[in-house]
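Beneath this line is the structure, given in structure tokens, with notes to follow.
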Amino acid sequence: MKKLLLLAALGLSPLVAQAQRSTLTEITSVPTSDAAKTGLEEINKYHLELGPQPKEFFEGKSKTELMKMRAQSELDLRDACVKFYEANPKDPLRWEAVLHLIMVQPSFLKEIKPGYEEATGPTASKDFMVIDEDAKAEWAKKLATYDAALRAAGDAPWEVKEKLATLDFSIKISAARRDKAPTDEMTKVFAGQLATQFPKGHAALQQYLTLFQQSGKKGTPAAKGFWEPLVQSPNDAVRLRAEAELRVAAVQSAPMELKFTAVDGREVDLEKLRGKVVLVDFWATWCGPCVAELPNVKAAYDTYHDKGFEVVGISLDKAADKQKLIDFTAKKEMPWPQYFDGKFWDNEIAKKYAISGIPAMFLLDQKGVVVTTNARGPKLEEEIKRLLNLQ
């Protein structure tokens, strides 16, 4: 996957980022009119100009040029949001425009002093910025009225309200971290509030996932205790993820059950592979890290297959790419079976076992119990040798 660079607000430091196709909130609770579609597309266009950008975007441009381009995009975004909001006074989606006004506030850059090109770091760079303070103050007053209107709005889509609440919390949590205050309990309480207030949303799940990642419980027996209470969550996404995570925890103490017909017609049943070490590899042909990991998997298969090692592939390829998967596995000489349902990230087995990133590699011992959910790199061979008593 092509790496993208994020144009940082002041220092313009390149940062690796995921590809960003839209900055708009996914709103399904209200219909989208033609006017809203046009206005929101314009807003998205200007917001995307602020980053991330491909590496080529920076080539041949000075820091000064890049900063001026950013300042103009900020103003263009502001103007597009105001235009859509004022032209559609009864459209609930006008609040998405206000949300963007809150998310991105213009710097009101007037000019850049000599020496900026040599300056390093955001703080040093600020010393070379000449800001239109009057325009900035005037806009701050207007923004306050938009902000207050959104918070009081009775017709704002719940998706916008959810995102606004998350933005508010990000400011609160950042302040707590600066003060070195404990934040886990704050996050837990906020996640619970989101789950109750927005039962169809996904923001609560993101908060819980942050807590889970920071807890160090992932892949340990303690993971079960983290997720068990959340199967009662009023939020659909949280509840479904908790159920999936508990299934992952379960197969780390009891045999994993998996049965399907592979894309080449072979019947696969993990129960029939008991007595062998099995790698269940969640991957896709479009996934760069998965393809990069493939030589390691192939080497392990070639070396240990005759000694009792098997691989079962779970492909997250799209429906239109079935033949691509078949051709790819043939070309790369991957003889193991592949599960394929064409559902991409909604792959049935991936959803069942809480797969949110690939490659994800479950290594099963001879009893069918998962011994690790991260059998990548040198760890794969180390674990295979250990389980097969070849050390």
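Data for the structure
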{"item": "Scan of segment 46-77 for residues that are more than 24 Å from residue 136 (Cβ to Cβ), in a helix (DSSP H, G or I) and free of Cβ contacts under 8 Å to residues at least 24 places away in the same chain, ordered by number", "result": "56"}
{"item": "Number of the exception - residue 135 against (1) aliphatic (A, V, I, L, M); (2) in contact with a Ser or Thr (Cβ under 9 Å, 6 or more places away or on another chain); (3) farther than 30 Å from residue 210 by Cα", "result": "(2)"}
{"item": "Odd one out for residue 159 among (1) exposed (fewer than 11 other Cβ atoms within 10 Å of the Cβ); (2) in a helix (DSSP H, G or I)", "result": "(1)"}
{"item": "Among the candidates 260, 226, residue that is over 22 Å from residue 160 (Cα atoms), touching a helix residue (DSSP H, G or I) at 6+ places or on another chain (Cβ under 8 Å), not basic (Lys, Arg) and not in a helix (DSSP H, G or I)", "result": "260"}
{"item": "Hey, residue 52 modelled with pLDDT under 90, in contact with a strand residue (DSSP E or B) (Cβ under 6 Å, 6 or more places away or on another chain) and either assigned by TED's automatic domain parsing to the domain that holds residue 153 or loosely packed, with under 14 Cβ neighbours inside 10 Å (or both) or not", "result": "yes"}
{"item": "Criterion: surrounded by 20 or more Cβ atoms within 10 Å (Cβ to Cβ) and modelled with pLDDT of 95 or more - qualifying residue of 353, 339", "result": "339"}
{"item": "Lone qualifier among 91, 76 - being modelled with pLDDT of 95 or more and over 30 Å from residue 120 (Cα atoms)", "result": "91"}
{"item": "Filter pass, residue 294 being closer than 18 Å to residue 386 by Cα, in contact with a strand residue (DSSP E or B) (Cβ under 9 Å, 6 or more places away or on another chain) and aliphatic (A, V, I, L, M)", "result": "no"}
{"item": "Residues satisfying the stated conditions in segment 20-45, i.e. polar (S, T, N, Q), without any contact (Cβ under 8 Å) to a residue 40 or more places away in the chain and out of contact with any strand residue (DSSP E or B) (no Cβ under 9 Å at 6 or more places or on another chain)", "result": "22, 38, 44"}
{"item": "Evaluation of residue 88 against (1) touching a Lys or Arg at 6+ places or on another chain (Cβ under 6 Å); (2) under 20 Å from residue 51 (Cβ atoms) (one fails), failing number", "result": "(2)"}
{"item": "Lone unmet requirement of (1) without any contact (Cβ under 8 Å) to a residue 40 or more places away in the chain; (2) touching a Phe, Trp or Tyr at 6+ places or on another chain (Cβ under 7 Å); (3) within 28 Å of residue 256 (Cα to Cα) for residue 169", "result": "(3)"}
{"item": "Unique match (being surrounded by 15 or more Cβ atoms within 10 Å (Cβ to Cβ) and either in contact with a Cys (Cβ under 9 Å, 6 or more places away or on another chain) or in a helix (DSSP H, G or I) (or both)) among 171, 102", "result": "102"}
{"item": "Hits in segment 42-77 (condition: in contact with a helix residue (DSSP H, G or I) (Cβ under 7 Å, 6 or more places away or on another chain) and either over 28 Å from residue 114 (Cβ atoms) or of a type in the set (Val, Ile, Thr) (or both))", "result": "42, 43, 46, 47, 64, 77"}
{"item": "Among (1) touching a Leu at 6+ places or on another chain (Cβ under 9 Å); (2) modelled with pLDDT of 95 or more - the single one residue 224 does not satisfy", "result": "(2)"}
{"item": "Scan of segment 110-144 for residues that are under 32 Å from the mean Cα position of the chain (by Cα) and of a type outside the set (Gly, Ala, Ser), ordered by number", "result": "120, 122, 123, 126, 143"}
{"item": "Out of 277, 263, sole residue that is touching a residue at least 60 places away in the same chain (Cβ under 8 Å), within 15 Å of residue 381 (Cβ to Cβ) and in contact with a Leu (Cβ under 7 Å, 6 or more places away or on another chain)", "result": "277"}
{"item": "Contacts under 7 angstrom Cβ, first residue in segment 129-143 being touching a residue at least 12 places away in the same chain (Cβ under 8 Å), partner charged (D, E, K, R) and not in a strand (DSSP E or B), 6 or more apart", "result": "130/113"}
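Results for (1) touching a helix residue (DSSP H, G or I) at 6+ places or on another chain (Cβ under 9 Å); (2) closer than 30 Å to residue 31 by Cβ; (3) not assigned by TED's automatic domain parsing to the domain that holds residue 65, shown as yes or no for each residue.
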| residue | (1), (2), (3) |
| --- | --- |
| 120 | no, no, no |
| 143 | yes, yes, no |
| 149 | yes, yes, no |
| 162 | yes, yes, yes |
| 166 | yes, yes, yes |
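The values are calculated or read from the model by the stated rules, or taken from the named source; none is laboratory data. All values reported here derive from a predicted model rather than from experimental measurement. Cβ coordinates were reconstructed from backbone atoms using ideal geometry, including for glycine residues, and neighbour counts include every protein chain displayed.
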